[in-house]
Structures are given as structure tokens and as C-alpha cells.
Amino acid sequence: MTEEAPPEPDISPLLAQALAAHDATLDETRPTAVARQHARGRWTARERIAALVDPGTFVEYGQLAQPQRRSLGDAPADGLVMGVGLVDGVSVCAFTYDYTVMGGSQSPRNHRKMDRMMEVAERNRWPIIFWSEGGGARASELHYDGGTVTTFVQLARLSGLVPIVTILSGPSFAGQANIAGTSDVIIATKDSTLGLSGPPLVMSATGEMLTPEELGPMSMHERIGTVELVVGDEAAALDAARKYLSYFTGIAAPSAMTAPDQTPLRTMVPENPRRAYDVRKIVATLADEGSVMELRPTFGRCLSTSLCRIEGHVVGVLANNPMFGAGAIDAEGSAKFSRHVELCNAYDIPLLFVCDTPGFMIGTAAEATALVRHSARTLMALSAADVPILTVILRKAYGLGYYAMGSDALAPDLIVGWPTAEFGGMGLEGAVNIVYRDELSSAPDDAARREIREQRVAEWKERNTGLEFARSFLLDDIIDPADTRDLVARLLATLPPRPPRDGRKHPIDPW
């Protein structure tokens with residue numbers, strides 16, 4: 001004989017009404033809206049949250065919110081699903097606009113929701129993930145009888161205090177673009193679009209009839225550096241967001257600290273200074289396997305900036321890439337450099353400079369990019385940084401480019417060179433051309449002039465090798481490239497933990 005289940009407790013009419021209101025916001029009760037979103041190849045807002053947070057940890061805020069203008073009809077959660085949950089065990093504030101509710105538009109009420117959540121994030125120092133899909137302000141609610149929203153200034157005040165990630169999926173215009181622009185990183189699906197003004201406003205203001213793909217294609221934003229990372233789909237964007245946040249959660253588990261064989265590092269840098277190589281392969285070899293996250297990989301390609309781990313220790317890497325402009329730092333590279341230094345310094349992440357540069361870019365084209373100002377930004381960012389600096393000189397360390405790339409002027413905690421390292425106030429051939437101008441001009445013919453130049457360059461190279469600099473104690477050491485990872489890891493392990501801070505050091509420049 002089996003026992004009968006106890007009867008359900010009585011549900012009062014008020015409780016039933018509240019439960020029904022909650023159920024009305026869920027995907028299960030909105031099959032038509034869900035089907036439309038799936039037909040666009042997109043997850044719903046609630047599917048995004050479910051995929052992001054650890055199961056059973058999400059606490060939603062404002063689920064029953066409705067538009068301020070009730071005449072607009074039913075709008076589940078007023079088009080913004082938000083709350084706090086655990087992501088890989090770390091508390092995170094998560095927001096996602098709901099494109100099935102009035103196109104994911106921003107309203108006075110869902111701005112109030114966001115303001116409330118950001119206050120909670122600031123109080124508890126919780127990272128923030130925005131999942132953006134929408135066309136900016138809801139035109140039918142453009143009124144300010146409740147005052148101007150504080151969302152955008154609140155978000156700016158959080159910059160540098162808590163990690164902020166925006167994921168772009170689909171169109172993100174106007175207010176959604178403002179949110180993205182204030183974030184630490186923007187991770188976008190390849191078919192998403194972005195712009196400060198959406199197609200309807202552009203049409204009314206300029207007469208241009210443009211699709212979202214014509215106005216703000218991701219291929220353009222990737223090229224010009226608006227976004228940090230472009231991925232194939234929402235699942236890949238979610239993985240990238242999780243990976244980014246992982247750099248702010250401390251030391252990785254020992255099982256994640258494996259690395260490739262270090263021996264190939266001995267031959268990755270050609271001894272011929274005119275031969276190029278891809279520095280990203282060196283960074284990937286030095287780092288724990290699978291730990292490198294390169295930011296803005298197709299923008300400012302003379303410099304590779306990334307986050308990675310070395311034996312579990314998180315570092316921010318700045319590496320000259322001789323594949324592009326011989327590693328000379330141009331205006332785009334300067335902007336990329338400065339922002340990466342600010343990002344790492346804001347969150348107390350040590351900087352690892354991997355140097356092989358002939359200096360800052362020269363010539364009329366370079367000057368036309370305001371390189372004077374952009375190059376100065378690198379020094380301003382460095383002067384404000386107080387995180388440990390470790391420098392590894394692979395080959396060329398010339399001029400002001402070397403000065404910025406972790407030179408002894410910055411008092412690095414470690415500065416070492418590989419056997420291929422060489423130094424100079426400028427490119428050695430250029431210096432010889434200037435210093436020995438009279439001797440070269442008096443040579444009887446081109447062959448003699450070439451012989452004199454080669455001899456003088458060889459003499460200067462001999463005086464400016466890494467080995468000579470180490471003998472003069474201008475470097476801490478010349479090392480076997482295969483020992484680089486071990487040496488860096490051992491030094492990182494000796495660094496004291498950063499003391500907790502009451503507030504932020506500084507915001508992170510959006511550019």
C-alpha cells in the first residue's frame with residue numbers, strides 16, 4: 001500500500017496572480033516570440049542567461065517590470081533580463097536586452113533597472129557582462145518626466161573598478177553602442193552590427209538609406225579597432241567572455257599550467273635582423289597552453305597585446321610584431337599599447353614586454369597620423385602604472401620605441417635579453433649614415449661606400465650587443481631563450497600580492 005502525496009497547500013488569489021505574472025515572462029509561455037528569435041539565428045535573452053551562469057545560481061531583478069507607458073501593452077521584464085549569478089564560481093552581474101520585446105529598446109524603466117543593478121555591482125565589486133542586441137532608445141517613451149537616466153555615467157564610473165564585458169549579437173545601435181564603448185572589452189559575433197546612430201535616425205538626419213550591415217558592419221569595426229574580438233557565434237562569444245573574466249579570478253589550477261616544449265624558442269628569432277617572424281608564436285610558447293587571449297588582433301598589427309598565464313600567473317603581454325612594419329610602433333599600435341597598459345594597471349595585472357622594435361614609425365605618412373601625440377600616450381600610460389614590469393628583449397631595442405617597451409628607464413622588476421638582442425638610440429644603419437656622413441660621402445665609389453658602411457655597422461653592432469650590455473650591467477642577464485618561461489614564472493612567484501583597494505586607480509580610456 002503506497003502513501004498518497006500530501007495535498008498542495010492552498011494558493012491564494014494574490015499569490016496565483018503573482019506566479020502567473022512571473023510565468024508570463026518565461027520563454028515557455030511565449031512560443032511565438034521565441035520562434036521568431038530562433039529564426040534569426042539568435043538565442044533568447046533567457047537562453048543567454050542560462051548559458052552564462054552556473055545552474056541554479058541566478059537571482060533576477062525586475063522580472064515583473066513593465067513600460068512606464070502602460071498603453072504600450074505587455075513587455076516582459078520591460079525588455080531587459082538582469083540579475084546576479086555565479087559564472088565558473090565567481091559572482092557576476094549579467095544584463096541582456098530582449099530583442100523579442102520592442103526590439104530590445106531602451107526605456108526609462110529598464111534604464112532604472114540597469115542603474116539599480118550597477119549600484120549593486122559597485123557596492124560588491126562584481127564584474128559585469130552586458131549582452132547587447134537592440135536599437136537604442138524606445139521612441140515611444142522619449143520623455144524625461146522622471147529625470148535623466150544615470151546609466152551611462154554610472155557605467156563610466158565603474159570603468160577600472162570592476163571588469164566590464166559587452167557581447168554584441170545582432171544590431172546594437174545608439175544607447176547599446178554607448179554601453180559597448182565604455183566596456184573593457186567588446187566581443188562581437190561576426191554578423192553583428194554596431195553604430196552610434198541607427199539606420200532610422202541616419203535616414204531622418206542625412207537622407208541616407210542604409211541597412212545595419214551597411215552602416216556598422218563588424219568587418220569594419222574589427223579592422224579599425226572598435227571591438228577587441230570577433231567570433232563566429234553566440235556560443236563562441238560566451239566562451240570568450242568567460243575566458244576574459246577568468247584572468248581576474250586569481251591563479252589557475254595546477255592542471256591548467258602545462259606549456260609547450262620551450263626548446264624551439266632558441267630558433268624562433270632569426271639572427272638576420274632583416275628577417276621577420278610572428279611574435280605571437282613566441283607568446284603562445286611562453287604561456288600556459290590555451291591561456292592566451294589576444295585583444296584587437298587585426299588592429300595596430302605592429303603590436304600584439306594579450307592576456308595570458310605563465311605557470312598560472314596572469315600577465316598582460318605587449319609584444320612587437322616584426323611581421324608588420326618591422327615592429328615599428330605606429331599610431332594604431334600606440335593606441336593599442338596605451339589602452340592595454342591602462343587595462344592591466346587598473347586591475348593590478350603585471351606587464352610583460354616582449355621587445356623587438358626599431359622604434360616608433362617614421363616618415364610623412366606616420367606624421368600625418370598625429371603620431372607625436374599618440375606615441376606620447378604610451379609614456380603617459382606607463383608613467384601612471386604601478387604594476388610589476390618584466391622585459392624580455394628578443395632582438396632590436398632601438399630609440400624611443402625601446403624606451404616605451406619596458407626599458408631600464410621604467411625600472412622593470414626584470415630586464416633580460418636573448419642572445420640576438422641589440423641596442424641603439426636609433427637603427428644602427430641610420431646612425432652610421434649620420435655619424436659617418438663625411439666619410440661615406442668622400443668614398444670614391446658605391447662599392448667603397450658600401451664597404452665602409454658595412455664595416456661601421458659591424459663595429460656598432462659589436463658595441464651594442466646584448467652580451468656587451470649585460471657585461472656593463474645595463475641588463476640583468478642574457479638568457480637561453482628556452483629558460484624564459486621558467487625565469488619569468490619564478491620572478492612572478494616572488495612578487496608580493498597587491499593590497500586591496502578602496503576604490504579604483506583610474507578609468508580605462510575607451511580608445
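Descriptive notes on the structure:
- Summed over segment 190-231, residues that are modelled with pLDDT under 95, hydrophobic (A, V, I, L, M, F, W, C) and either assigned to a loop (DSSP other than H, G, I, E, B) or not assigned by TED's automatic domain parsing to the domain that holds Leu168 (or both) total 3.
- Test: residue in segment 223-232 that is aliphatic (A, V, I, L, M) and over 15 Å from the mean Cα position of the chain (by Cα): no
- Filter pass, Gly333 being touching a His at 6+ places or on another chain (Cβ under 9 Å) and more than 30 Å from Pro500 (Cα to Cα): yes
- The residue that is surrounded by the most Cβ atoms within 10 Å (Cβ to Cβ), counting only those in segment 70-86 that are at pLDDT below 95 and outside any helix (DSSP H, G or I), is Ala75.
- Residue identified as free of Cβ contacts under 8 Å to residues at least 24 places away in the same chain and not in a strand (DSSP E or B) among Arg112, Arg123: Arg123
- Any hit, segment 249-267, residues being part of a loop (DSSP other than H, G, I, E, B), in contact with a Pro (Cβ under 9 Å, 6 or more places away or on another chain), within 20 Å of Thr305 (Cα to Cα) and modelled with pLDDT of 95 or more: no
- For segment 303-324, the set of residues classified as over 21 Å from Ser183 (Cα atoms) and in contact with a helix residue (DSSP H, G or I) (Cβ under 8 Å, 6 or more places away or on another chain) consists of Leu303, Arg309, Ile310, Glu311, Gly312, His313, Ala319, Asn320, Asn321, Pro322, Met323, listed by residue number.
- The requirement of being under 25 Å from the mean Cα position of the chain (by Cα), surrounded by 24 or more Cβ atoms within 10 Å (Cβ to Cβ) and touching a residue at least 40 places away in the same chain (Cβ under 8 Å) is not satisfied by Val387.
- Of all residues in segment 368-381, those being surrounded by fewer than 22 Cβ atoms within 10 Å (Cβ to Cβ) and under 15 Å from Ser407 (Cβ atoms) number 1.
- For segment 107-116, the criterion of being at positive phi and touching a Lys or Arg at 6+ places or on another chain (Cβ under 6 Å) is met by no residue.
- Residue within segment 291-302 that is β-branched (Val, Ile, Thr), in the same structural domain as Ala404 (by TED's automatic domain parsing) and surrounded by fewer than 24 Cβ atoms within 10 Å (Cβ to Cβ) present: yes
- Failed criterion for Gly181 (all others in (1) crowded, with 19+ Cβ neighbours inside 10 Å; (2) closer than 27 Å to Leu343 by Cα hold): (1)
- Filtering segment 384-429 to residues that are assigned to a helix (DSSP H, G or I) and either aliphatic (A, V, I, L, M) or in contact with a helix residue (DSSP H, G or I) (Cβ under 9 Å, 6 or more places away or on another chain) (or both) leaves Ala384, Leu400, Gly401, Tyr403, Ala404, Ala409, Leu410, Leu428, Glu429.
The values are calculated or read from the model by the stated rules, or taken from the named source; none is laboratory data. Here the structure is a predicted model, which is why all the values come from computation and not from measurement. Cβ sites come from the backbone with ideal geometry, for glycine too, and all protein chains shown count toward neighbours.
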